[in-house]
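Undergrad: Dumping the structure here so I can ask a few things about it.
The values are calculated or read from the model by the stated rules, or taken from the named source; none is laboratory data. Worth saying up front: this structure is predicted, and the values here are computed from it rather than measured. Glycine gets a Cβ as well: all are built from the backbone with ideal geometry, and neighbour counts include every protein chain shown. Please note that ligands, DNA and RNA were not included when accessible areas were found on the heavy atoms of the full protein model with its side chains. Shrake-Rupley method; radii C 1.70, N 1.55, O 1.52, S 1.80 Å.
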Amino acid sequence: MAREDYLVVTDACSDIIPSYADKEGILVIPMEVTMTDGTQFDATYDNSTMDLAEFYKKIGNGNLAQTSAITPERYKNFFTPLLKEGHDILYNCFTSGLSSTYNNARLVAAELREEFPERKIIVVDSLGATGGQGYHTYWAAVNRDKGMSIEDNAKWLEDTRLHVAYTWTVSDLMHLNRGGRLSKTAAIFGTALQIKPVGDIDDEGHLVSIGKARGRKLSIKKLCDMMDKSIDTSLDYPVLICHCDCPDDAETLKQLVLATGKVKDVVIGRTGPIVGAHLGPTGLTMYYFCTKRLTSI
């Protein structure tokens, strides 16, 4: 089956590595961001509308960023020309556990199926976000190139989505407070004790903290320990690390992961504005195929 037989689509929350999206012809729907300093822009897969260094500088200086679900109108404007051109669409969407984006996409897809009954449009709830969503989408595109049908590929996404780990940690607890993800009391208490949360995304697609570490170095080590404990070694896939604006910490984690001997290749990418708005500059995340998502460490 040729690549053009159907399109693989995701959204800007996926933080898919731009060169991977380009290589596989993956289309990425932009998402809107508004900052408290008045800056407005569309987050894109290649961050062409907002330089990430500038974005995280704004965040670090106390600007808050509000992200918006993709509207039905934007979905219609994005999907309709593709359907008119004769393409079928497989869309791996930002988790329903964190946004109404999936519900909007599902409703628009139902409308468009009536308008284009000869075309296929399948929307999958990734139950994930940021680099893990992009990681999963990339392998779906590889499946397509190997000849997997759109129906089988959608089923593969659904069957494997709870086997993608979304481990994360942050150092700046006050940023989590400013973004509404942590109470001020907990942020102040945790900062004083150098407590760093470590977490995953649960099976309903919610960002959850599943443990703590004392200090940044130990929290990075915890991410590696989680990978060592849960990675599915029967699959020969690389590990993906994404950072908001902490490249040295990403490199440290990469070396720890490689030292376990369980992984041959580690790729480093970036976390864009949609999730970076909530994690802050110190956000560090890691993605890989796992036996199951962890609920404790």
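Undergrad: Excluding residues on the same chain fewer than 8 positions from Lys262, give the lysines whose Cα lies under 17 Å from its Cα.
TA: Straight-line reach from Lys262, under 17 Å: Lys221, Lys222, Lys229, Lys254, Lys292.
Undergrad: Rounded to the nearest 5, what % of the DSSP beta bridges within the chain are antiparallel ones?
TA: Expressed as a percentage, antiparallel bridges in the chain total about 65.
Undergrad: Sticking with this one: Where in the chain is the longest stretch that carries no GluC sites (Glu not before Pro) classed as loop by DSSP and with at most 14 other Cβ atoms within 10 Å?
TA: 205-297
Undergrad: Please grab the % of Cα pairs in the range 228-297 that end up more than 14 Å from each other.
TA: 60 percent
Undergrad: Show me, for the range 86-93, the HN-Hα J-couplings you get by feeding each phi into the Karplus relation (A = 6.51, B = -1.76, C = 1.60, θ = phi - 60°), rounded to Hz, glycine and proline as x.
TA: 3J(HN,Hα) across the range 86-93, in whole Hz: x, 8, 8, 9, 10, 10, 9, 9.
Undergrad: Can you say what percent of the DSSP beta bridges in the range 232-297, counting only those with both residues inside, are antiparallel? Round to 5.
TA: DSSP beta bridges in the range 232-297 are roughly 45 percent antiparallel.
Undergrad: Let me ask you something else. Taking K and R as +1 and D and E as -1, what net charge do the other residues with C-beta under 14 Å from the C-beta of His136 add up to?
TA: -3
Undergrad: Counting Lys and Arg as +1 and Asp and Glu as -1, what is the net charge of the other residues whose Cβ lies under 11 Å from the Cβ of Tyr237?
TA: Local net charge: -2.
Undergrad: Return the long-range amide H neighbours of Ile210 (sequence gap of 5 or more, or a different chain), with a cut-off of under 5 Å between placed amide H atoms.
TA: Long-range HN contacts for Ile210: Val198, Gly199, Asp200.
Undergrad: Arrange the residues His163, His243, His278 by how much accessible surface each exposes, largest first, with a 1.4 angstrom probe.
TA: Highest to lowest solvent-accessible surface, that is His163, His278, His243.
Undergrad: Whole-Hz Karplus ³J(HN,Hα) for the range 196-210, in order, using 6.51 cos²θ - 1.76 cosθ + 1.60 and θ = phi - 60°, x for Gly and Pro?
TA: 10, x, 10, x, 8, 10, 7, 6, 9, x, 9, 6, 9, 8, 10
Undergrad: Quick one: what does P(r) look like for the range 43-120 with 5 Å bins over all Cα pairs, in whole %?
TA: Reading upward from the zero bin: 3, 13, 19, 18, 16, 13, 8, 6, 4, 1, 0.
Undergrad: Using the scaling law 2.2 N^0.38 Å as the reference, what is the normalised Cα Rg of the range 1-138?
TA: Output field value: 1.08.
Undergrad: Right, here's the next one. Can you return the lysines within cross-link range of Lys146? Criterion is Cα-Cα under 22 Å, with same-chain partners fewer than 8 residues away left out.
TA: Lys23, Lys120, Lys155
Undergrad: So what does Lys23 come to for accessible area, using a 1.4 Å probe and Å² rounded to 10?
TA: 120 Å²
Undergrad: Mind grabbing the accessible area of Tyr287 for me, 1.4 Å probe, Å², rounded to tens?
TA: 0 Å²
Undergrad: Report which label in (1) 60, 48, 29; (2) 58, 43, 33; (3) 54, 45, 39 holds the value of Cα extents along the principal axes in Å derived from the coordinates of this structure.
TA: (1)
Undergrad: Test of the criteria: in the range 131-166, which trypsin sites (Lys or Arg not before Pro) are in a DSSP loop and have at most 14 other Cβ atoms within 10 angstrom of their Cβ?
TA: Answer by residue number: Lys146.
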